[in-house]
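Take a look at the structure set out below.
Please treat every number below as a calculation from the coordinates, not as lab data. Note that the structure is a prediction, hence the values are computed from the model and not measured. Don't worry about glycine lacking a Cβ; one is built from the backbone with ideal geometry, like all the others, and counts go over all protein chains shown.
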Amino acid sequence: MSAIDDLVEHNQAYLAGHGHRELPTAPKLHLAVLTCMDSRLDLFGALGLHLGEAHLIRNAGGIATDDAVRSLLLSQRLLGTNSIMVIHHSRCGLETFDEEGLQSELEESVGVRTPFRLGAYRDADADVRETVATLRQSPFVETTEVRGFVFNVDDGDLREVSLA
């Protein structure tokens, strides 16, 4: 059995105890969270979130890519979110490689560099500041409340980053 087969089987058990409930499409807390795809981030547990309360937008590094901005635009304009949390984390894989080196390696092996930024960084706080600044500068994102944090994957601590 593959990992996907195991998950499909788990879903059948989930259905048995789930019951029918219809949650509204708009998130109850009017909150969107832009964060990393890292599997060590349990934001529901760490933040006390429940289904239907927030939009979680995840990508490698939790950076403000065009697609993340698109998701935030739709979240805000169509579904009423008005607060954004940017959450990066300790020991992120994006801290472990050299962007230029990987781009060169890709060009050598597949003949072309990616047309997008891979997102390598060395300082999580600085990258949170950059992501928040990108969102605040975007004409497509309403910036009523945009705050940045670093989550410690080892102990679960969530630390707010000073944006000054």
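Observations on the structure shown:
- Of the trypsin sites (Lys or Arg not before Pro) found in segment 24-120, the ones in coil according to DSSP and having at most 11 other Cβ atoms within 10 Å of their Cβ are Arg117.
- Neighbourhood net charge (13 Å Cβ-Cβ; Lys/Arg +1, Asp/Glu -1) for Arg113: -4
- Loop-located GluC sites (Glu not before Pro) in segment 1-68 (DSSP state other than H, G, I, E, B) with a sparse environment of at most 14 neighbouring Cβ atoms within 10 Å: Glu22.
- A simple spin-label model places the labels of Asn82 and Leu15 4.0 nm from each other, with each point 7 Å out along Cα-to-Cβ.
- Assuming charge only on the beta carbon of Lys and Arg (+1) and of Asp and Glu (-1), the dipole of the chain about its Cα centre is about 740 debye to the nearest 20.
- Computed log10 I(q)/I(0) for segment 1-98 at 0.13, 0.15, 0.18 Å⁻¹: -0.60, -0.77, -1.00, from the Debye equation with unit scatterers placed on every C-alpha and solvent omitted.
- In segment 100-164, chymotrypsin sites (Phe, Trp or Tyr not before Pro) in a DSSP loop with at most 12 other beta-carbon atoms within 10 Å: Phe116
- Compactness of segment 24-160 was expressed as the Cα radius of gyration divided by 2.2 N^0.38 Å, which yields 1.09.
- Shape of segment 84-136, Cα gyration tensor, a/c cut at 1.5: prolate
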